[in-house]
Amino acid sequence: MDERLQKALDASNFRLNLLNTKENIKLKVETMTTIAVNGGIFKSSRELVTFTKLIIDKGHNSVVLLDENENPIEILDLLKFHNDLLDCYFSATNYYNTEYSKLKKARSSADQFSELSADKNT
Amino acid sequence: MTCGFLIHAYNNREIDYGSMAVCCALLIKKHLTVNSTALVTVQDTYTHMVNMHSEELIHHAFDHIILTDISRNVADRTFFDTRYNRKAAPYYNTNRSDTLALSPFDETILIDADYLVLDNSLDKVWGSVEDIMVNKSVIDLNHVQNLGGFDKRISLLGIELYWATVVYFKKTALVDSLFGMVQYIKDNYQYYSKLYNFPSSSYFRNDYALSVALHMINAHTEMKHVSSLPIQQLMFSTENDDLIDFVNGNAFFISERSQGDFRLHKVNTNVHVMNKWSIGRVASRIISYASC
């Protein structure tokens with residue numbers, strides 16, 4: 001095979017591995033931003049964080065919100081709910097940042113899957 | 001209200017479902033806050049599990065052990081171990097319709113023995129306003145959703161396909177009807193395979209029976225009556241994929257979508273592992289991680 005073609009294919013494979021790993025990290029982030037309240041399931045998004053803050057600023061401490069499955073869920077302690085949303089949002093984005101930084105530094109599949117390499121060497 | 005997980009495990013001459021169930025239960029204990037587990041099995045599988053892993057470990061993994069009886073008169077199913085090996089073995093996992101009666105919990109997650117719980121998303125379901133939650137969307141290790149149309153509907157023009165891999169339910173009248181319907185479909189499987197036009201292989205497939213039952217109890221409509229679990233997409237590795245190692249809660253797979261096209265994947269979210277042998281090969285590592 002032509003050397004240039006081989007190089008391009010290797011780079012393409014490596015890039016695909018990177019993209020797959022990024023998707024796996026995003027899936028983990030989705031699990032980290034999911035919270036359950038009063039029988040409903042919510043995802044901590046910028047929109048929900050902002051919306052709850054708006055309602056708190058209007059002087060309310062309870063509200064009915066539609067959850068991920070579009071069920072009406074009564075949030076009795078809105079301030080706590082807002083803080084929980086913020087906590088899990090920041091935990092998730094910090095995790096994403098840490099993992100993404102590692103991914104950006106990876107120059108080969110061996111770097112990318114360093115836990116596996118380390119385990120094999122022990 | 002009692003909440004917990006229920007796992008069916010029936011060994012056949014090729015596959016050690018008992019060991020898979022131990023891995024599954026210990027990972028539940030490791031990663032989840034609500035982590036009561038119940039095993040439904042038969043005496044010979046239970047004896048094998050004790051011989052393989054010790055009685056102490058089995059009782060650590062399972063809070064309830066329910067011995068039942070199963071029909072041995074079932075057809076063989078072909079199980080793949082990567083692209084390069086396949087074996088036919090009896091598929092005994094056909095009595096999920098008894099789950100409602102067997103479950104010791106008020107709220108239950110029925111979960112496949114070959115499902116690795118690697119995150120805490122299932123902690124979010126308890127106390128739900130829903131009677132039942134089940135996934136209808138799947139992705140493979142390459143994050144591909146469209147797997148030849150098979151993942152969306154039970155046939156090209158058929159109803160939506162729901163995956164019975166993980167099912168949350170409460171003991172309510174609706175759920176009672178649902179499980180009754182699954183039993184009825186099981187008893188008349190050939191008829192329903194023609195009516196709903198799904199591939200009628202020789203063995204009973206839980207996903208099809210559940211999908212038809214959900215369609216029927218929802219007045220034969222596709223209105224959004226059945227909600228998804230907290231993570232809408234069920235991740236799975238195919239029978240062509242190989243679980244090659246398990247390190248600190250990370251599962252490492254090699255997938256091979258076409259021959260020679262190998263990809264390495266690190267997964268640390270819940271994943272359904274269809275290659276049963278590959279779980280067996282790393283079972284000791286999973287158990288070692290999850291039981292400490």
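Only the coordinates and a few stated rules stand behind these numbers; no lab work does. Since this is a predicted model, take the numbers as computed values, not measurements. Using ideal geometry, Cβ is built from the backbone for each residue, glycine included, and neighbour counts are taken over all protein chains shown.
Can you list the equivalent-ellipsoid semi-axes of chain A, largest first and in whole Å, using the square root of 5 times each Cα gyration tensor eigenvalue?
They are 42, 15, 12 Å, listed largest first.
Looking at the stretch B:60-142, which trypsin sites (Lys or Arg not before Pro) are in a loop (DSSP not H, G, I, E or B) and have at most 11 other Cβ atoms within 10 Å?
On the way: sites: B:R72, B:R77, B:R83, B:R86, B:K87, B:R96, B:K124, B:K136; in loops: B:R72, B:R83, B:K136.
Of the trypsin sites (Lys or Arg not before Pro), the ones in loops of the stretch B:60-142 whose Cβ has at most 11 other Cβ atoms within 10 Å are B:R72.
Roughly how many debye, to the nearest 20, is the charge dipole of the protein assembly as shown about its Cα centre, given +1 on each Lys and Arg Cβ, -1 on each Asp and Glu Cβ, and no other charges?
The calculated dipole for the protein assembly as shown is roughly 940 debye.
Distance between the C-alpha centers of the stretch B:211-282 and the stretch A:59-108? Whole Å please.
25 Å
What is the stretch B:68-150 by shape, rounded, prolate or oblate, if you read a ≥ b ≥ c off the alpha carbon gyration tensor as root eigenvalues and call it rounded for a/c under 1.5, prolate for a/b larger than b/c, and oblate otherwise?
Details: a/c = 2.27, a/b = 1.17, b/c = 1.94.
Here the stretch B:68-150 falls in the oblate category.
Scanning chain A for trypsin sites (Lys or Arg not before Pro) in DSSP loops with at most 11 other Cβ atoms within 10 Å, what's the longest stretch left with none?
The answer is A:1-57.
Give the total of Lys-Lys pairs in chain B with Cα-Cα distances below 18 Å; include a pair only if its members are 8 or more places apart or on different chains. Kindly include the intermediate steps, with their values, before the conclusion.
Values: B:K29/B:K124; B:K30/B:K124; B:K87/B:K276; B:K124/B:K170; B:K136/B:K152; B:K136/B:K224; B:K152/B:K224; B:K186/B:K194.
Lysine pairs meeting both conditions in chain B amount to 8.
If we restrict to alpha carbons, what Rg and Dmax does the protein assembly as shown come to, in Å?
Values for the protein assembly as shown (Cα only, Rg and Dmax): 22.1, 70 Å.
Provide the three semi-axes, in whole Å and in decreasing order, of the ellipsoid equivalent to the stretch A:35-104 as defined by the square roots of 5 times the Cα gyration tensor eigenvalues.
They are 26, 14, 9 Å, listed largest first.
State whether the stretch B:130-205 is rounded, prolate or oblate according to the following rule on the C-alpha gyration tensor (a ≥ b ≥ c being the square roots of its eigenvalues): a/c under 1.5 gives rounded; otherwise a/b larger than b/c gives prolate, and the remaining case gives oblate.
oblate
What does the charge dipole of chain B about its Cα centre add up to, to the nearest 20 debye, if the Cβ of each Lys and Arg holds +1 and the Cβ of each Asp and Glu holds -1?
Values: 25 positive and 31 negative charges, 104 e Å.
The calculation lands at about 500 debye.
For every helix of n ≥ 4 consecutive DSSP H residues, a contribution of -39,500 (n - 2.57) applies; sum these over the protein assembly as shown, divide by its total residues, and give [θ] at 222 nm rounded to the nearest 500 deg cm²/dmol.
-13000 deg cm²/dmol
Along the charge dipole of the stretch A:35-104, Cβ charges K/R +1 and D/E -1, which of A:Y95, A:A36, A:H82 sits furthest on the positive end?
Comparing the listed Cα positions along the dipole, A:Y95 ranks first.
Leaving out same-chain residues fewer than 8 places away, which lysines sit with a Cα under 22 Å from that of A:K53?
In chain and number order, the partners are A:K43, A:K80.
What percent does the relative contact order of chain B come to when contacts are Cα pairs within less than 8 Å and at least six residues apart?
Numbers: 568 pairs, mean separation 65.3, N = 292.
Taking the mean separation of contacting Cα pairs over the length of chain B, I get 22 percent.
Please name which of B:S228, B:L264, B:S36 has its Cα lying farthest along the dipole of the stretch B:3-290 towards the positive end, using unit charges on Cβ (Lys, Arg +1; Asp, Glu -1) and the Cα centre as origin.
B:L264
When ranked by the protection proxy of mean other Cβ atoms within 10 Å per residue, highest first, what sequence do the peptides B:279-288, B:233-242 form?
B:233-242, B:279-288
With N set to the number of residues, divide the alpha-carbon radius of gyration of the stretch B:3-290 by 2.2 N^0.38 Å and report two decimals. Mind dumping the intermediate values first?
On the way: Rg = 17.9 Å, N = 288, 2.2 N^0.38 = 18.9 Å.
Cα-based Rg divided by the globular estimate yields 0.95.
Please get the size of the charge dipole for chain A, origin at its Cα centre, with Cβ charges of +1 on Lys and Arg and -1 on Asp and Glu, quoted in debye to the nearest 20.
That gives a dipole near 580 debye.
With point charges of +1 on the Cβ of Lys and Arg and -1 on the Cβ of Asp and Glu, referenced to the Cα centre of chain B, which listed residue (B:M216, B:S202, B:V125) lies farthest in the positive direction of the dipole?
Among B:M216, B:S202, B:V125, the one farthest towards the positive end of the dipole of chain B is B:S202.
How charged is the neighbourhood of B:V212? Take every other residue with its Cβ under 11 Å from the Cβ of B:V212, and add Lys/Arg as +1 and Asp/Glu as -1.
After counting each charged neighbour, the total is 0.
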